[in-house]
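Report on the following structure.
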Amino acid sequence: MKQRNFPDPELMPPPIKGSDEGSFAHSSVAVRLGVIAKRVIAENDFTPEIVENLEKLIQEIPYGLVRPLQDTHSPDLAAWTSYLEPFQNCNWLEIPWYFAEAYFYRRILEATHYFQPGRWQAVDPFEYQKNLGLSTAIDAIAALSNFVNNAIQDIHPNKTYLKELIYFDLWGNRADMSLWPAGEVEQNRVESEREKSYILADDTSKVADRIASFSSTRIDFIIDNAGFELIGDLCIADFLLTTNAAGTVYFHLKAHPTFVSDATIKDVIYTTEFLAKSSDRDVKAFALRLKNYIANNRLKLREHLFWTSPLPLWEMPDTIVNDLARSHLIFLKGDANYRRSMGDRHWPFTTPYGDIVSYFPAPLVALRTLKSELAAGLQTAQIEMLNHQDPDWLTNGQWGVIQFVDRS
Ligand SMILES: O=P(O)(O)OC[C@H]1O[C@](O)(CO)[C@@H](O)[C@@H]1O
């Protein structure tokens, strides 16, 4: 088993909480969760009983006390009882912010009977948003498919193509339906040159150099959103598998719906079916390769309840650590995964990211657009410039990082 390298609790800053005065976390818990729950009511045809459950949940936030889950058929009931143990008598603002969000999405599933045998079992309350996210991105998907179809003509992993695919994938993370509902904002842009000035830490060349040395390796993705972002992940996976830089690619997916747009195995399958039905030749060809890779087990879809738990990533169970230790490179996708990788704590923004995530058992590249008041690996002058130039830089999703943490 790999030696675990946990962050030193003595040096650990406090967790971000909704009770942090004037913070994004505060408005996120106090306002945004209720808005999301109302949208779930509006976008589904639930029974009056389920609507009432959701309305009660809305009223509870933020000053009601958090309580144990009550859906007895769920596979994670006991785990959540123990996660909640330290927070008895706490309201939604008093518990750590990431915990509050993960708990909220899990409470949505309790309210909608997601785990209960019957009509609503396994019905994704965010399906409408997810489908809209995909169908409104169709032009951008066609452009990306065309790009990847050209890229794979190069037998050897061509660094220029690969770097572009990594940039596309980063910007795909701007598409986040928990913040900006599908169809309301144009997020599916396929452009990269002008956007590079918005990347605050860019290790893309190092990542491309590393991948160029690979032959039939294993590469992993800790996946974030379905929709356009997932297309970007699939493009990289396709490129790596088709050029044989990777023998296998693993996608680590959520075991149930959460954070509105987070991807499950079902979403990946739905996405490949959706692409396969396209009348666009490029999209179709891309889809057929993906379907083949899934069918012949070169693109492996995995789920684990840890990914929907409220725990920091350094508490990954041994089974996941030992599995990821076999990887040659892990892509860590999105803002929420990035927050978890740092325990969603108040680290000074200049802390080297690699110092925090040294517990990862394999080399890691984080692709994240900034949607929360947390950062690492930045320069002091850069932070001052950003505060001056764009006061909302931490949360408006316009800025990104591509940070490579090597272990060799
Ligand atoms: O899909 P992503 O990139 O993980 O973003 C989700 C994140 O954005 C937010 O919606 C806003 O901070 C958080 O809830 C979460 O961290």
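The values are calculated or read from the model by the stated rules, or taken from the named source; none is laboratory data. What you see is a predicted model, and the numbers here were worked out from it, not measured in a lab. Every residue, glycine as well, gets a Cβ built from its backbone with ideal geometry; the counts of neighbours run over all protein chains shown. Protein only, heavy atoms only, side chains kept; ligands, DNA and RNA dropped before computing areas. Shrake-Rupley method; radii C 1.70, N 1.55, O 1.52, S 1.80 Å.
Computed from the Cβ-Cβ distance with R0 of 41 Å, the FRET efficiency linking residue 325 to residue 67 stands at 0.65. Fully extending the segment from residue 269 to residue 123 would add 51.0 nm, taking 0.36 nm per residue of separation and subtracting the current Cα-Cα distance. For the chain, a simple Cβ point-charge model (Lys and Arg +1, Asp and Glu -1, everything else neutral) yields a dipole of about 1100 debye relative to the Cα centre.
Solvent-accessible surface of protein heavy atoms, probed at 1.4 angstrom with all chains present, puts 90, 235 in the order 90, 235, largest first.
One chain, two ends: residue 56 and residue 276. Fully extended at 0.36 nm per residue, the span grows by 75.1 nm beyond their Cα-Cα distance.
Which helices, counted as full DSSP H runs in the chain, have an axial Cα extent of no less than 15 Å and a Kyte-Doolittle average of 0.0 or above? Long hydrophobic helices here: 138-151, 228-242, 265-276. In terms of accessible area, using a 1.4 Å probe and ignoring ligands and nucleic acids, 47, 243 rank largest first as 47, 243. Does region 131-405 classify as rounded, prolate or oblate by the C-alpha gyration tensor (a ≥ b ≥ c root eigenvalues; a/c under 1.5 gives rounded; else a/b over b/c gives prolate, otherwise oblate)? Cα axes put region 131-405 in the rounded bin. Projecting the Cα atoms of 278, 216, 231 onto the charge dipole of region 131-405 (Cβ charges, centred on the Cα centre) puts 216 farthest toward the positive pole. Ranking 385, 12 from most to least accessible surface, computed with a 1.4 Å probe over the protein chains only, gives 385, 12. Fully extending the segment from residue 350 to residue 20 would add 116.7 nm, taking 0.36 nm per residue of separation and subtracting the current Cα-Cα distance. What value, in deg cm²/dmol to 500, does the helix sum -39500 (n - 2.57) over DSSP H runs of n ≥ 4 give at 222 nm once divided by the residues of the chain? Per the formula, -12000 deg cm²/dmol. Ordering of 272-281, 94-103 by packing is 94-103, 272-281, highest average first (other Cβ atoms within 10 Å, averaged per residue).
Between residue 150 and residue 77, the distance separating the two model label sites (each 7 Å from Cα on the Cα→Cβ line) works out to 5.5 nm.
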